[in-house]
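K.L.:
Mind looking over this structure? Questions follow.
The values are calculated or read from the model by the stated rules, or taken from the named source; none is laboratory data. Remember, it's a predicted structure, so these values are computed and weren't measured experimentally. Don't worry about glycine lacking a Cβ; one is built from the backbone with ideal geometry, like all the others, and counts go over all protein chains shown. Side chains included, ligands, DNA and RNA excluded: accessible areas come from the protein's heavy atoms. Shrake-Rupley method; radii C 1.70, N 1.55, O 1.52, S 1.80 Å.
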Amino acid sequence: MKNHLNDNELEILILAEHRLSAELLRDIQEHLKECRFCCENYEKMKSFYSYIETNADENEKNDSITAEKILRQNALIENEKMLNEHKRAVAVYNGSYEIIERTKKSVVRWIGDFVRYNPLKFSGSLVLVGAVIAVTLYYKKPEMKYINPTLAIIKENVLYVYNEMGDVLWKKGVPGMKDYRTDFSFDNQKAVSNVREIFLDDLNGDGINDLLMIGNFTAKGIFASDTLYSFNNEGRLIWKYGCGSLAKFNTPRWKFSDLFIANYFTYKDKTKNKTRLFVVAGTMYAPTKFFELDTRTGKVAQEFYNSGGITTATVFDLNNDGKDEIFIGGINNAFHCAFIAVFDPDSVRGFSPSTAEYIPAEYQKNSALHYVLIPHSSYGKLVSLADYNSVEKFLISKEEKTLTAYVQEIPNLNQSQNFFGSILYNFGKDMKLNSVVPGDNFTTNYSRMLKAGKLKEPLDTAYINKLARGVRYLK
């Protein structure tokens, strides 16, 4: 296998091994033998689910005991008192737990909870009279000036959502999810979690941020990896949408499993005065689906398929026409190299340029404004465990109106840092290539291989020009 195993693969192996083909199961097991990092993650995850399975009981009388055990294991020390006192804030679903507690609770809500959980105490007439008086004299909406979520953090299986003053607006149990923060960029968190787990933005234009979240795959979990969940500023679920179907072709090299969402981001459409939502979803291998999701209807509005992984995305007005374009980058499996595709947000359709082995020739049409291939360098081909390079991230210069693709020639995270090498490809208007600049790690490691006699061409102007000539514009 080319990369580290992600959470979805490990969870399927632990919880639903029967869903894996014999070949894929063998590949995963071989990878675990070779990769210490993935093996450690596997053992930790296996221990987590083993604990839940051991303690989960079908008898409802034992559910509260199981929930308390899980919460004690995952909750922060300062929250233990709150969790122990408010047991009814815990809900158990097939051995998984969910907690949610708002910072404010109205009188009516308090009375409703009291009646629900203390029916005998409430049966007395004096309590009833007191409740009516409380509602009549004291009920009003809880006043809270700062209600806009501005920061969300997942820590030790609990999601905390904060307002601009640093107060906790609400929190929720998110079992099995990696630690994550919305104030760090997705690119900077890929080493911790290879999917964008949570995201804050105003989706409906009311000036208040909503929270988007996906879950990790689990047979008994609360949140699914192929579904986006939207919560309002009080922690209430507003909607949840999947990512639709996946186009499949009868090509033997492709391997399919359930879709999972890897990335999602918003696009501020100034002409239509609304926020639009774009999503990247894929399988364990290929293809990858890039699409727009209509948050009002839950339907896929438009979609594009790439024959390989999509590893990064950004929006930027490169041609200076006053409208942002969408840039996606990653790997094109058919050509064994990195790619960049540029789209008008109103036209995201079709299938990437490919070979018939991946996408039949009659389907290889798309609405991309540009589709660019970036070749794998001779150094990358020599030392990489993969047969491709990949666009790791985009760097934008609004002052110079340029976009730089940070291309990793050694995309295998389990390879030694001594072999890493990156090259920066800088593009201007209409994706015209301005320059090619090897990164420091590429220069250092290339020189070492050249000195050892494993490479023949010196890293000079002629070599840089050769890299530039290798860039192919398919659209």
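K.L.:
Just to be sure I understand, how many residues within the range 351-377 are part of a strand (DSSP E or B) and open to solvent by 20 Å² or more (accessible area, probe 1.4 Å)?
P.N.:
3
K.L.:
Run down Gly235, Gly221 and say which single residue is outside any strand (DSSP E or B) and modelled with pLDDT of 80 or more.
P.N.:
Gly235
K.L.:
Over 23 Å from the mean Cα position of the chain (by Cα) and either closer than 19 Å to Thr312 by Cα or among the acidic types (Asp, Glu) (or both): does that describe Thr443? Break it down into steps so the answer makes sense when it comes.
P.N.:
Details: over 23 Å from the mean Cα position of the chain (by Cα): yes; either closer than 19 Å to Thr312 by Cα or among the acidic types (Asp, Glu) (or both): no.
No; evaluated as a whole, the condition is false for this residue.
K.L.:
Any idea which residue in the range 368-427 is farthest from Phe186 (Cα to Cα), counting only those that are aromatic (Phe, Trp, Tyr) and in contact (Cβ under 8 Å) with a residue 40 or more places away in the chain? Don't jump to the end; show me each part of the working.
P.N.:
Of all residues in the range 368-427, those aromatic (Phe, Trp, Tyr) come to 371, 379, 388, 394, 406, 419-420, 425, 427.
Checking which are in contact (Cβ under 8 Å) with a residue 40 or more places away in the chain leaves us with 371, 379, 388, 394, 425, 427.
Details: Tyr371: 24, Tyr379: 28, Tyr388: 23, Phe394: 12, Tyr425: 21, Phe427: 22 Å.
It comes out as Tyr379.
K.L.:
For the range 433-475, enumerate the residues that are under 30 Å from Lys365 (Cβ atoms), open to solvent by 90 Å² or more (accessible area, probe 1.4 Å) and assigned to a helix (DSSP H, G or I).
P.N.:
The answer is Arg469, and nothing else.
K.L.:
Suppose we filter the range 317-357 for residues that are within 21 Å of Ile423 (Cα to Cα) and of a type outside the set (S, T, N, Q); how many remain?
P.N.:
14
K.L.:
I need the full set of residues from the range 305-325 which are of a type in the set (D, E, K, R) and either open to solvent by 30 Å² or more (accessible area, probe 1.4 Å) or outside any strand (DSSP E or B) (or both), in order please.
P.N.:
Within the range 305-325, Asp317, Asp321, Lys323, Asp324 meet the criteria.
K.L.:
Take Lys145 and tell me if it is at pLDDT below 90, farther than 22 Å from Asp206 by Cα, open to solvent by 40 Å² or more (accessible area, probe 1.4 Å) and assigned to a loop (DSSP other than H, G, I, E, B).
P.N.:
Criteria not met by Lys145.
K.L.:
Those residues that are within 18 Å of Leu403 (Cα to Cα) and free of Cβ contacts under 8 Å to residues at least 40 places away in the same chain, I need them from the range 428-471; list them, please.
P.N.:
Residues satisfying the conditions are Lys432, Leu433, Asn434, Ser435, Val436, Val437, Pro438, Gly439, Ala468.
K.L.:
Could you please find all residues in the range 1-38 being under 22 Å from Leu385 (Cβ atoms), open to solvent by less than 80 Å² (accessible area, probe 1.4 Å) and in a helix (DSSP H, G or I)?
P.N.:
Passing the criteria: Asp7, Asn8, Glu9, Leu10, Leu13, Leu24, Leu25, Asp27, Ile28, His31, Leu32, Cys38.
K.L.:
Report, by residue number, each residue of the range 354-392 that is at pLDDT 95 or above and within 26 Å of the chain's Cα centre (by Cα).
P.N.:
Listed by number, the residues that qualify are Asn366, Ser367, Ala368, Leu369, His370, Tyr371, Val372, Leu373, Ile374, Asn389, Ser390, Val391.
K.L.:
Quick one: which strands (runs of 3 or more DSSP E) lie wholly within the range 387-432 and hold at least 1 residues that are in contact with a Lys or Arg (Cβ under 9 Å, 6 or more places away or on another chain) and open to solvent by 20 Å² or more (accessible area, probe 1.4 Å)?
P.N.:
Passing ranges, in order: 390-397, 402-408.
K.L.:
If you check every pair at least six apart or on different chains, which have Cβ atoms under 6 Å apart with a residue in the range 155-184 that is open to solvent by less than 10 Å² (accessible area, probe 1.4 Å) first and a residue that is at pLDDT 95 or above and of a type in the set (Phe, Trp, Tyr) second?
P.N.:
These pairs meet every condition: Val161/Trp170.
K.L.:
I've got another one for you. Among the residues of the range 190-207, write down those that are assigned to a loop (DSSP other than H, G, I, E, B), touching a strand residue (DSSP E or B) at 6+ places or on another chain (Cβ under 6 Å) and closer than 18 Å to Arg296 by Cβ. Steps first, please.
P.N.:
Of the range 190-207, the ones assigned to a loop (DSSP other than H, G, I, E, B) are 190-197, 202-207.
Filter once more, so that each one left must be touching a strand residue (DSSP E or B) at 6+ places or on another chain (Cβ under 6 Å): 193, 195-197, 203.
Leu203 - this is the single residue of the range 190-207 that is assigned to a loop (DSSP other than H, G, I, E, B), touching a strand residue (DSSP E or B) at 6+ places or on another chain (Cβ under 6 Å) and closer than 18 Å to Arg296 by Cβ.
K.L.:
Go through (1) buried (at least 18 other Cβ atoms within 10 Å of the Cβ); (2) assigned to a strand (DSSP E or B) one by one and return the number of the condition Ala301 breaks.
P.N.:
Only one criterion is unmet by Ala301, namely (1).
K.L.:
Would you confirm, using the coordinates I've provided, whether Phe290 is within 30 Å of Glu357 (Cα to Cα) and at pLDDT 80 or above?
P.N.:
Taking the combined requirement at face value, the residue satisfies it.
K.L.:
Would you please list the contacts, defined by Cβ atoms under 7 Å and residues six or more apart or on different chains, that run from a residue in the range 310-330 that is under 12 Å from Pro345 (Cβ atoms) to a residue that is open to solvent by 20 Å² or more (accessible area, probe 1.4 Å) and among the polar types (S, T, N, Q)?
P.N.:
The qualifying pairs are Phe327/Thr314.
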